[in-house]
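The values are calculated or read from the model by the stated rules, or taken from the named source; none is laboratory data. Keep in mind the model is a prediction, meaning the values are calculated, not measured. Quick reminder, even Gly has a Cβ in these numbers, built from the backbone with ideal geometry, and neighbours come from all protein chains shown. We work out accessible area using only protein heavy atoms, side chains counted, and drop any ligands, DNA or RNA first. Shrake-Rupley method; radii C 1.70, N 1.55, O 1.52, S 1.80 Å.
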Amino acid sequence: RDVTGVQTCALPISGDYEVLCVETGSGVQRLRERGLTATSLNDAAERADAAIIAVPDEVIARVASSVVPVLKPGSLALVLDAAAPSVANLVQGRDDVSLVVAHPCHPSVFTTQLTADGRRDFAGGETGQDAMCCLASGREEHYAVGEQLARVMWAPVDEVHRITLEQFVLLEPTMSETTVAMLLTAVKEAMDEAIARGVPERAARAFMYGHVGIELAITFGELEAAYSAAAYQAIDRGRAMILREDWKQVFEPGNVDAVAREIALPQLRAV
């Protein structure tokens, strides 16, 4: 995606906000396909009270270096991920610009809500979800602005949790990606291995999908039940074979910082 400016298409085009979309390259055509017109960065920055930098993690710092210097005094920059702001000062030299970080939680795996046409909503935007928000730097009154933008972007939002930037990066990428997404890829590989060893794929998927659901409910206390004694024995055996005893070191500051840098500053990955 060729994005070098602010992309605010996450906000609904309504009377509540004047939304200016800044795009370059192929992004301009995609805006046209949606019936929207691109605004130049300088024109948008001159008019905007808030700039939502909605771009991939690895280009947030680069895009912010173009956007933040032209924002008007007293405005707000909002980014959607914590890696870049945790390792780089995205508003360097602009003490008059606040920085807010916000991210959706996505609908709970335990939700029973369905969309109006009966579908499951995995990402959010149709069924309720929570969101995370922090004031990384700047004026306290700007936190409320950032929270309101988060509520609009990811509506319907049930609760916005205010956390610190340090807590944010523990949640993502450390908890959600370094740990959970990694373990889930192993879960998928386990299913694939069972299939490779002769279990019919439909049978393996049916068994996996059902057991993931009930085991999540047991593990997280959503169901008043416990694993059997035999299951606990299998869990202990698996833990000894699959996990290192010191695996929680991924939460240590040095490792958290290293992962954030690899994500947000890709030019440093080979260092």
Filter pass, Glu177 being charged (D, E, K, R), assigned to a helix (DSSP H, G or I) and surrounded by 14 or more Cβ atoms within 10 Å (Cβ to Cβ):
yes
Checklist (1) open to solvent by 70 Å² or more (accessible area, probe 1.4 Å); (2) in a loop (DSSP other than H, G, I, E, B); (3) over 30 Å from Pro73 (Cβ atoms) applied to Gly198, failing item:
(1)
Give Gly254, Gly238, Gly213 a once-over and let me know the one that is within 25 Å of the chain's Cα centre (by Cα), in a helix (DSSP H, G or I) and over 23 Å from Phe110 (Cα atoms).
Gly254
Return the only residue of Val152, Val169, Val187, Val160 being open to solvent by 40 Å² or more (accessible area, probe 1.4 Å) and either within 28 Å of Val97 (Cα to Cα) or assigned to a helix (DSSP H, G or I) (or both).
Val187
For region 225-235, name all the residues that are among the hydrophobic types (A, V, I, L, M, F, W, C) and either more than 31 Å from the chain's Cα centre (by Cα) or modelled with pLDDT under 95 (or both).
Ala225, Ala226, Ala229, Ala230, Ala231, Ala234
Taking region 27-42 as the search range and keeping residues that are part of a loop (DSSP other than H, G, I, E, B) and of a type outside the set (Gly, Ala, Ser), which one is nearest to Pro69 (Cα to Cα)?
Thr39
